[in-house]
Every structure is written in C-alpha cells, then in structure tokens.
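Inspection log for the structure reproduced underneath, given as structure tokens.
The values are calculated or read from the model by the stated rules, or taken from the named source; none is laboratory data. Source: prediction; values computed, not measured. So basically every Cβ, Gly included, is an ideal-geometry build from the backbone, and we count neighbours across all protein chains shown. All accessible areas refer to the heavy atoms of the entire protein, side chains included, with ligands and DNA or RNA removed. Shrake-Rupley method; radii C 1.70, N 1.55, O 1.52, S 1.80 Å.
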Amino acid sequence: RMLSVRVTVIDDSGRPVSDATLTIDGGMPEHGHGLPTRPRVTRNLGDGDYEIEGVRFNMGGWWEFKVSIASGGLADTVTFNLGL
C-alpha cells in the first residue's frame with residue numbers, strides 16, 4: 001500500500017521553514033536494502049509543511065525513513081526509526 005506522509009520543518013527557533021528542499025531515503029538496515037519506492041515531495045503546503053508521496057513499506061520489521069533538508073545554505077538530516 002502506498003502512503004503519503006506530511007513532514008513539518010522548523011528552524012532552531014521553532015519558526016516554519018517554507019523554502020526547503022527535501023530528499024527522501026531509507027530502508028531496512030537489518031536486511032541491507034533500501035526503500036522499494038522513490039518517495040518525493042509532491043507539495044509544499046506552506047508553514048513548513050511538506051507532503052511526501054510514494055512511501056511504501058513492503059514488509060514488517062525495522063525501517064529507517066531519512067529526510068535530508070536543505071535551506072538557506074544550511075543542511076540537516078533526520079532519521080525516523082519505524083517498527084512495522
């Protein structure tokens with residue numbers, strides 16, 4: 001089943017970042033493979049909210065969902081660990 005995920009990006013002062021570029025990666029570290037799809041941002045919803053579509057987890061287990069964020073010459077990555 002394909003999923004849509006909403007991500008909110010804020011700066012270190014808690015203000016929304018509405019001009020960021022997000023890149024999605026991830027996979028199953030214990031199995032040594034990546035995501036079975038190529039999720040991407042499909043909409044900038046404003047106020048720091050971004051819609052990511054094309055997310056699919058095709059089996060149970062430990063997944064990492066990584067979002068790389070770039071804006072204004074700064075970059076960061078956040079990893080969400082999911083047990084499915």
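Things worth noting here:
- Positions within the range 1-43 being closer than 14 Å to Ser68 by Cβ and either out of contact with any strand residue (DSSP E or B) (no Cβ under 9 Å at 6 or more places or on another chain) or among the aliphatic types (A, V, I, L, M) (or both), in sequence order: Val7, Val9, Val17, Ala20, Leu22, Ile24, Leu35, Val41
- A Cβ distance below 6 Å, combined with a sequence gap of six or more or placement on separate chains, defines the contacts here; from the range 55-78, residues that are more than 14 Å from Gly34 (Cα to Cα) reach residues that are exposed (fewer than 15 other Cβ atoms within 10 Å of the Cβ) and of a type in the set (Val, Ile, Thr) in the pairs Ser68/Thr23; Ser68/Thr77; Ala70/Thr21.
- Index of the failed condition, Glu30 passing every other in (1) within 21 Å of Ser13 (Cα to Cα); (2) open to solvent by 50 Å² or more (accessible area, probe 1.4 Å): (1)
- Of note, Glu53 satisfies the criterion of being modelled with pLDDT of 95 or more, outside any loop (DSSP other than H, G, I, E, B) and open to solvent by 50 Å² or more (accessible area, probe 1.4 Å).
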